[in-house]
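This report concerns only the one structure given below.
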């Protein structure tokens, strides 16, 4: 019987690593500075990489590999949830968090100057880059949904009883 869980773990780890690599290339190669919601979406991808690799390393222990993969799926659902929230902020469906650059500004001019000079203000409600009309957050939501589906599908496949082919 082929175990699909470890291979799905590798696929989740590789895809999350590619998503992070693209985010960092956009940030450092093309000066697409991330907003706070963009940064929040990166952390679960990091967790999915570690947990997906754990599913592969634990391939000799099916229950542990499955648990690691399900945790990686949870990480993908987390980044996907943040991404859906981010898309809603970009589209004006709801307001972002106070950290999104649209919060109140300090009343003191010196404090405002210090805030401006301390970090770039990147608003969560402005799309920095889109492909085919879909923002990076939108693509992340689609990727996360696909990867979560892949992981759940692998778990269900491995739980299905083996068929014996009649000869």
Full extension from residue 25 to residue 74: what is 0.36 nm times the residue separation minus their Cα-Cα distance, to one decimal in nm? 15.1 nm
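For the chain, what is the calculated [θ] at 222 nm in deg cm²/dmol (nearest 500), taking -39500 (n - 2.57) for each run of four or more DSSP H residues and dividing by its residue count?
-22000 deg cm²/dmol
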Build a GNM of the chain with springs between Cα atoms under 10 Å: which of 52, 80, 133 gets the top mean-square fluctuation? 133
Assuming R0 = 22 Å, can you tell me the calculated FRET efficiency for the pair residue 57 and residue 3, based on Cβ-Cβ distance, to the nearest 0.05? 0.95
Rounded to the nearest whole number, the per residue volume of the convex hull around the C-alpha atoms of segment 37-81 in Å³ is 39 Å³
Taking 0.36 nm per residue of separation and subtracting the Cα-Cα distance, what length does fully extending residue 39 through residue 10 add? 8.1 nm
May I ask for the angle, rounded to the nearest 10°, between helix 62-91 and the longest principal axis of the chain, with both axes built from Cα atoms and the value confined to 0 to 90°? 30 degrees
Gained length - residue 159 relative to residue 131, 0.36 nm times residue gap less alpha-carbon distance: 6.3 nm
With contacts defined as alpha carbon pairs under 8 Å and 6 or more residues apart, what's the relative contact order of the chain in percent? 30 percent
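To one decimal place, what Kirkwood hydrodynamic radius in Å is obtained for the chain from all pairs of distinct Cα atoms?
For the chain, inverting the mean 1/r across all distinct Cα pairs yields 17.6 Å.
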Using the basic label-point model (7 angstrom from Cα toward the beta carbon), what is the residue 50 to residue 17 distance in nanometres? 1.6 nm
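FYI, it's all coordinate maths here, none of it is from the lab. Because the structure is predicted, anything quoted here is derived from the model rather than measured. Please note: Cβ atoms are built from the backbone with ideal geometry, for glycine as well, and neighbour counts cover all protein chains shown.
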